[in-house]
Amino acid sequence: MYIESVPNRNSPPAILLRESWRAGGKIRKRTLANLSKWPPHLIDGLRILLRGGTAVPRGETIREHDGFDITRSRPFGHVAAVLGALRGLGLERLIGARRSRLRDLVVAMIVARIVAPRSKLATARGLSEDTLGHGLGEALALGEVGEDELYEAMDWLLQRQPRIERGLAERHLEDGALVLYDVTSTWLEGRCCPLARHGYSRDGKRGKLQIVFGLLCNAQGCPVAVEVFEGNTADPATLGTQIDKLRRRFRLSRVVLVGDRGMLTEARIREEVKPAGLEWISALRAPAIRELASGGTLQLSLFDERALAEIHHPDFPGERLIACRNPLLAEERARKREALLQATESDLDAIRAATRRDKRRLAGKDKIGLRVGKVIGKHKVGKHFDLEIADDGFAWRRNAERIAEEAALDGLYVIRTSLSERELGAEDTVRAYKGLSRIERAFRSVKTVDLKVRPIHHYRPERVRAHVLLCMLAYHVEWHMRQRLAPILFDEDDPAGADAARASIVAPAKPSPSARRKAAAKRTPDGVPVHSFRTLLEDLATIARNRVQPKLPGAPPFDLVTKPTKLQRQALDLLGVSL
């Protein structure tokens, strides 16, 4: 924002308050106010203010001679950053080809989900008050927003989900690409939604009704599509719709589907993946690994010199099996097993003490067995104990043989794939399977850290689906923002350096040297503080948009934006956003 004097032929020059910005490689500018009738001292004072100074006569306070009132200050920088990033991705055009109030409301809800995730009622009230709802330059200008309007916009968005996901797939997927797929669950409030069912809760919310939703991502973890299922849907049962989506809606003739061992089961591979002509990468379950070990195909001597080895077995024709052993994972599993065994023993000791006490002694085979069964099931290590239950007591001991059998396989896992060595090498296959951790990271962000998809209060299935879709689109924007802001975040900014820091692809991931330096110094090489994504947004929010009213009859109000700090300027430049 600046003051410009424009020649006006034989009349005095026009004094204009203007702002400029760059668009498409050209400098654009517009006039905010005509200051020609202002007294010269006010114009000079405003010019000083716009340059970052303070226009105050010597020896007098600001309030005595201040020619302006700041009538409203709204947090501005974080909204500008997120909205600018969203528009830079072309997501607006995917949501709706033409601008409309419904499209603007959807965009506002996506931005609000990243900036300040709240209920739809709170979001509606916020949009009526904050910077986003009152216009952002030539961006959104929503004015008053009602809760029902947001619900109408959600219904409108859900109708466009196939089109939006197809557009995202065209940008981020191609024939032969790796596609990551996994599911998670989250709980709902109330008991009226038809999608809500009792099922396996990944949130540990026993007794809560829940939904299940699956996320499709590219190999880098960028989300492309999401699907909501009833809360009692098993992981493998969600696979068919995703295969149909990849082949029919996205029109991909060849895809490599990456899923965990609970998703790509033997039955799903045989009945759905192979008939669809898809390639796949998954892993063997523990019983199958035990069979390979007991049959002599999988031996620890395979890992004397390497952390992975390819093996073959007639039970898996046309497949490659890549056996991996991680010593650190073996140590961790041994530690965890011992802790669970000791916890179970402690609980069993308490029950045995109850069978020997003088008063109200626990007796009876049925009652003792009931108590013991609860303890055995609690820590999931009951198979490692031999129990003898009688009417007047019980005894237990560890089964050393079973424990040794399980310990022998600690740190071992076997990747299975239909791809040939020529198509994807052993290390790249393991790397692709480990890429599923990127979906886990997305679930953490969507559910807890940033976007807070839960708890869900909607009752109508289409509203629940639209809510999850909004959160997926918000994470799509956040994912791209994180990629660009990585140099000033604690996030990894040198993936190649991180790969080089690993002893092997089987070893645990390690940060790159640059990421370690950032974490240790808490500052970037040029001296600005390193942030998490959330704290960086909070820092950007200190850039305020101030509504300034000159104390001059008839003078129009104008907006004045806080001057960004070095860090804020760097963040906006990385995002390609100008204020």
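The values are calculated or read from the model by the stated rules, or taken from the named source; none is laboratory data. Keep in mind it's a predicted model, so treat the numbers as computed, not measured. Because the Cβ atoms are built from the backbone with ideal geometry, glycine has one as well, and the counts that use them run over all protein chains shown. Note: accessible area is taken over every heavy atom of the protein model, side chains too, but ligands, DNA and RNA are not part of it. Shrake-Rupley method; radii C 1.70, N 1.55, O 1.52, S 1.80 Å.
Looking only at segment 241-261, which residues are under 12 Å from Tyr181 (Cβ atoms) and not β-branched (Val, Ile, Thr)?
Start the filter on segment 241-261 by keeping residues that are under 12 Å from Tyr181 (Cβ atoms), which leaves 241-243, 245-246, 255-260.
Selection gives Gln242, Lys245, Leu246, Leu257, Gly259, Asp260.
Does Ala343 satisfy being over 30 Å from Tyr181 (Cβ atoms) and not in a helix (DSSP H, G or I)? Steps first, answer last, please.
Numbers: over 30 Å from Tyr181 (Cβ atoms): yes; not in a helix (DSSP H, G or I): no.
So Ala343 does not fit the description; no.
Sort out which residues of segment 364-392 are among the aliphatic types (A, V, I, L, M) and open to solvent by 50 Å² or more (accessible area, probe 1.4 Å), and write them in order of number. Talk me through it step by step, then tell me what you get.
Going through segment 364-392, the residues among the aliphatic types (A, V, I, L, M) turn out to be 368, 370, 372, 375-376, 381, 387, 389-390.
The answer is Leu370, Leu387, Ile389.
With respect to Gly45, is the statement that it is modelled with pLDDT under 90, surrounded by 16 or more Cβ atoms within 10 Å (Cβ to Cβ) and outside any strand (DSSP E or B) true? Reasoning before the result, please.
Values: modelled with pLDDT under 90: yes; surrounded by 16 or more Cβ atoms within 10 Å (Cβ to Cβ): yes; outside any strand (DSSP E or B): yes.
So Gly45 passes the test.
Would a scan of segment 488-499 turn up a residue that is assigned to a helix (DSSP H, G or I), in contact (Cβ under 8 Å) with a residue 40 or more places away in the chain and of a type in the set (A, V, I, L, M)?
Scanning segment 488-499, I find at least one residue that is assigned to a helix (DSSP H, G or I), in contact (Cβ under 8 Å) with a residue 40 or more places away in the chain and of a type in the set (A, V, I, L, M), so the answer is yes.
Which members of segment 24-42 meet the condition of being open to solvent by less than 40 Å² (accessible area, probe 1.4 Å) and under 45 Å from the mean Cα position of the chain (by Cα)?
The answer is Ala33, and nothing else.
Please specify each residue of segment 65-101 satisfying the condition of being among the small types (Gly, Ala, Ser) and free of Cβ contacts under 8 Å to residues at least 40 places away in the same chain. Even if it seems obvious, please write down each step before you answer.
Let us first name the residues in segment 65-101 that are among the small types (Gly, Ala, Ser), namely 67, 73, 77, 80-81, 84-85, 88, 90, 96-97, 100.
Passing the criteria: Gly90, Ala97, Ser100.
Yes or no: segment 557-565 includes at least one residue that is of a type in the set (Phe, Trp, Tyr), modelled with pLDDT under 90 and either assigned to a loop (DSSP other than H, G, I, E, B) or crowded, with 16+ Cβ neighbours inside 10 Å (or both).
So the first thing to find is which residues in segment 557-565 are of a type in the set (Phe, Trp, Tyr), and the list is 558.
When the remaining residues are screened for being modelled with pLDDT under 90, the result is 558.
Of the ones still in play, those that are also either assigned to a loop (DSSP other than H, G, I, E, B) or crowded, with 16+ Cβ neighbours inside 10 Å (or both) are 558.
Yes, some residue in segment 557-565 is of a type in the set (Phe, Trp, Tyr), modelled with pLDDT under 90 and either assigned to a loop (DSSP other than H, G, I, E, B) or crowded, with 16+ Cβ neighbours inside 10 Å (or both).
Can you spot a residue in segment 408-428 that is farther than 30 Å from Leu278 by Cβ, in contact (Cβ under 8 Å) with a residue 12 or more places away in the chain, open to solvent by 30 Å² or more (accessible area, probe 1.4 Å) and not aromatic (Phe, Trp, Tyr)?
Within segment 408-428 (the criterion being farther than 30 Å from Leu278 by Cβ, in contact (Cβ under 8 Å) with a residue 12 or more places away in the chain, open to solvent by 30 Å² or more (accessible area, probe 1.4 Å) and not aromatic (Phe, Trp, Tyr)), the answer is yes, since at least one residue qualifies.
Within segment 449-458, is there a residue that is under 21 Å from Val273 (Cβ atoms) and outside any loop (DSSP other than H, G, I, E, B)? I'd like the intermediate steps shown before the answer.
Going residue by residue through segment 449-458, those that are under 21 Å from Val273 (Cβ atoms) are none.
No: zero hits.
Where residues in segment 380-421 are among the β-branched types (Val, Ile, Thr) and more than 31 Å from the chain's Cα centre (by Cα), which of them is farthest from Leu321 (Cα to Cα)? Walk me through how you get there before you give the answer.
Of segment 380-421, the ones among the β-branched types (Val, Ile, Thr) are 381, 389, 403, 414-415, 417.
When the remaining residues are screened for being more than 31 Å from the chain's Cα centre (by Cα), the result is 381, 389, 403.
Values: Val381: 29, Ile389: 44, Ile403: 26 Å.
The extreme case among them is Ile389.
For segment 169-192, what are the residues that are among the hydrophobic types (A, V, I, L, M, F, W, C) and either out of contact with any His (no Cβ under 9 Å at 6 or more places or on another chain) or free of Cβ contacts under 8 Å to residues at least 40 places away in the same chain (or both)?
Step one: list which residues in segment 169-192 are among the hydrophobic types (A, V, I, L, M, F, W, C), which gives 169, 173, 177-180, 183, 187-188, 192.
Within segment 169-192, Ala169, Leu173, Ala177, Leu178, Val179, Leu180, Val183, Trp187, Cys192 meet the criteria.
Contact list please: Cβ distance under 8 Å, first residue in segment 25-49 and without any contact (Cβ under 8 Å) to a residue 60 or more places away in the chain, second residue open to solvent by 80 Å² or more (accessible area, probe 1.4 Å) and among the β-branched types (Val, Ile, Thr), pairs at least six apart or on different chains.
These pairs meet every condition: Ile48/Thr54.
Scan segment 500-527 residue by residue and report those that are assigned to a helix (DSSP H, G or I) and among the polar types (S, T, N, Q).
Just the residues of segment 500-527 that are assigned to a helix (DSSP H, G or I), to begin with: 500-501, 513-521.
Ser514, the sole residue that qualifies.
For segment 473-487, enumerate the residues that are open to solvent by 10 Å² or more (accessible area, probe 1.4 Å), farther than 15 Å from Arg534 by Cβ and touching a residue at least 60 places away in the same chain (Cβ under 8 Å).
Within segment 473-487, His480, Arg484, Pro487 meet the criteria.
Please go through segment 251-263 and pick out each residue that is out of contact with any Asp or Glu (no Cβ under 8 Å at 6 or more places or on another chain) and at pLDDT below 95.
From segment 251-263, those out of contact with any Asp or Glu (no Cβ under 8 Å at 6 or more places or on another chain) are 251, 258, 261; that's our starting set.
Within segment 251-263, Arg251, Arg261 qualify.
Given the condition within 29 Å of Ser294 (Cα to Cα), surrounded by 12 or more Cβ atoms within 10 Å (Cβ to Cβ), in contact with a helix residue (DSSP H, G or I) (Cβ under 8 Å, 6 or more places away or on another chain) and polar (S, T, N, Q), answer yes or no: does some residue in segment 343-353 qualify?
Scanning segment 343-353, I find at least one residue that is within 29 Å of Ser294 (Cα to Cα), surrounded by 12 or more Cβ atoms within 10 Å (Cβ to Cβ), in contact with a helix residue (DSSP H, G or I) (Cβ under 8 Å, 6 or more places away or on another chain) and polar (S, T, N, Q), so the answer is yes.
Quick check on segment 107-115. Is at least one of its residues free of Cβ contacts under 8 Å to residues at least 60 places away in the same chain and open to solvent by 30 Å² or more (accessible area, probe 1.4 Å)?
no
Which members of segment 9-23 meet the condition of being loosely packed, with under 11 Cβ neighbours inside 10 Å and among the polar types (S, T, N, Q)? Quick ask: steps written out before the conclusion?
Start the filter on segment 9-23 by keeping residues that are loosely packed, with under 11 Cβ neighbours inside 10 Å, which leaves 9-12, 22-23.
Within segment 9-23, Asn10, Ser11 meet the criteria.
Checking Leu424 against (1) within 19 Å of Val115 (Cβ to Cβ); (2) not in a helix (DSSP H, G or I), only one condition comes out false. Which one?
Just one mismatch for Leu424, condition (1).
Being among the β-branched types (Val, Ile, Thr), open to solvent by less than 20 Å² (accessible area, probe 1.4 Å) and not in a loop (DSSP other than H, G, I, E, B) is the filter here, so list the residues in segment 528-542 that pass it. Write out each step before concluding.
Keep residues of segment 528-542 that are among the β-branched types (Val, Ile, Thr), which gives 528, 530, 535, 542.
Remaining after also requiring open to solvent by less than 20 Å² (accessible area, probe 1.4 Å): 528, 530.
Hits for segment 528-542: nothing passes.
Look at segment 149-194 and say how many of its residues are within 22 Å of the chain's Cα centre (by Cα) and open to solvent by less than 30 Å² (accessible area, probe 1.4 Å).
Summing the residues that are within 22 Å of the chain's Cα centre (by Cα) and open to solvent by less than 30 Å² (accessible area, probe 1.4 Å) in segment 149-194 gives 19.
Is it the case, given these coordinates, that Arg547 is farther than 30 Å from Arg454 by Cα, open to solvent by 50 Å² or more (accessible area, probe 1.4 Å) and touching a strand residue (DSSP E or B) at 6+ places or on another chain (Cβ under 8 Å)?
yes
Hey, can you tell me all the residues within segment 199-219 that are surrounded by fewer than 21 Cβ atoms within 10 Å (Cβ to Cβ) and either under 22 Å from the mean Cα position of the chain (by Cα) or at pLDDT 95 or above (or both)?
Listed by number, the residues that qualify are Tyr200, Ser201, Arg202, Asp203, Gly204, Lys205, Asn218, Ala219.
Do we have Ala122 as closer than 22 Å to Ser445 by Cα, at pLDDT 95 or above and part of a helix (DSSP H, G or I) here?
Numbers: closer than 22 Å to Ser445 by Cα: yes; at pLDDT 95 or above: no; part of a helix (DSSP H, G or I): yes.
The answer is no for Ala122.
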